[in-house]
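The values are calculated or read from the model by the stated rules, or taken from the named source; none is laboratory data. On a predicted model such as this, the values are computed, not experimentally measured, just so you know. Here the Cβ positions follow ideal geometry from the backbone for every residue, glycine too, while neighbour counts run over all protein chains shown. Surface accessibility is based on the protein's heavy atoms, side chains included, excluding ligands, DNA and RNA. Shrake-Rupley method; radii C 1.70, N 1.55, O 1.52, S 1.80 Å.
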Amino acid sequence: MTTISPSITPELRAWIVAQAESGFPPEEVLAAMRNSGWPEEVAIEALEVTLTEHLQAKGKPIPGRESLPEPSLEESTTRLMADGHEVRVLMSMMLPRVVVFGGLLTDAECDELVALSRPRLVRSETVVNETGGSEVNTARTSEGMFFNRGENALCQRIEKRIGALLNWPVKNGEGLQVLHYRPGAEYKPHHDYFDPVHSGTPTILARGGQRVGTLVMYLNTPEKGGGTTFPDVGLEVAPIKGNAVFFSYHAPHASTKTLHGGAPVIEGEKWVATKWLREREFI
Ligand code: PD2
Ligand code: ZN
């Protein structure tokens, strides 16, 4: 996605917030910015970023999507039961919305996923924006494969656990994707949502709407490197076997700050399983 980075001065930010608090709808604030000479795209970006940050800082819901996958973290709980399995909460951040879980998968489940996927790995492909198809991409130097949703007993068990953990229907999930990175392999920073400006996006959205959340589960612990990075906020999640990082995005927009990547593996190898969550049933 093309990211415009307007320099949002404290004065502009305060003005946007004041307009919103006085009850002016975002469209009117946008019109006022346009009239005073702001290019439309820059004004939209400034509005999105400022209002999202403002609402999240106040703990208010962000309009745009009625609900998102989200764990039940009331009272800052440190442990959650998900379909009879205890999961630890290691870190939670509001913008971007990121939660790190400990012990989501057992060592045996990680090993079984690796064993089942290993014979089916092929050089990873990414979505081609223009067509909605996929092709090999140098930004992603891993090998990967997809399970169908519910393909075997292990996928069913993990999917049920994820559904319970994130309060999101199992049927809205894509099949699990497994990625294998060798030393030097990485996944350059990207967004997981589908950019509405690309011509291939309507084809992709026909299968269940937008992606609204991602869960990356670590199936082993590399010796060095291989963290999941969020460059907008300088966050790096350590890849520890059985742990997972979850992030959600209320709109297909960079203001969600969910730009993320897989840092190069320096020593050892890295295995992850990714579950992408859609708005509606994924068919
Ligand atoms: O392997 C990762 O850490 C990673 C990083 C960014 C995985 C994905 N994206 C993904 O599967 O979307
Ligand atoms: Zn990703």
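Miscellaneous remarks
- Condition check for Pro169: within 21 Å of Pro69 (Cβ to Cβ) and surrounded by fewer than 21 Cβ atoms within 10 Å (Cβ to Cβ): yes
- Long-range neighbours under 8 Å by Cβ, at least six apart or interchain, first residue within 16 Å of ligand 1 (Cβ to nearest atom) within the range 186-206, second of a type in the set (Phe, Trp, Tyr) and at pLDDT 90 or above: Tyr187/Tyr181; His191/Tyr249; Asp192/Tyr249; Asp192/Trp276; Tyr193/Tyr249; Ile204/Phe194
- If the condition is being open to solvent by less than 10 Å² (accessible area, probe 1.4 Å) and either among the aromatic types (Phe, Trp, Tyr) or over 12 Å from the mean Cα position of the chain (by Cα) (or both), then the range 202-216 contributes Gly208, Gly209.
- Matching residues, the range 142-166, being among the aliphatic types (A, V, I, L, M), open to solvent by 10 Å² or more (accessible area, probe 1.4 Å) and within 30 Å of Glu74 (Cβ to Cβ): Ala164
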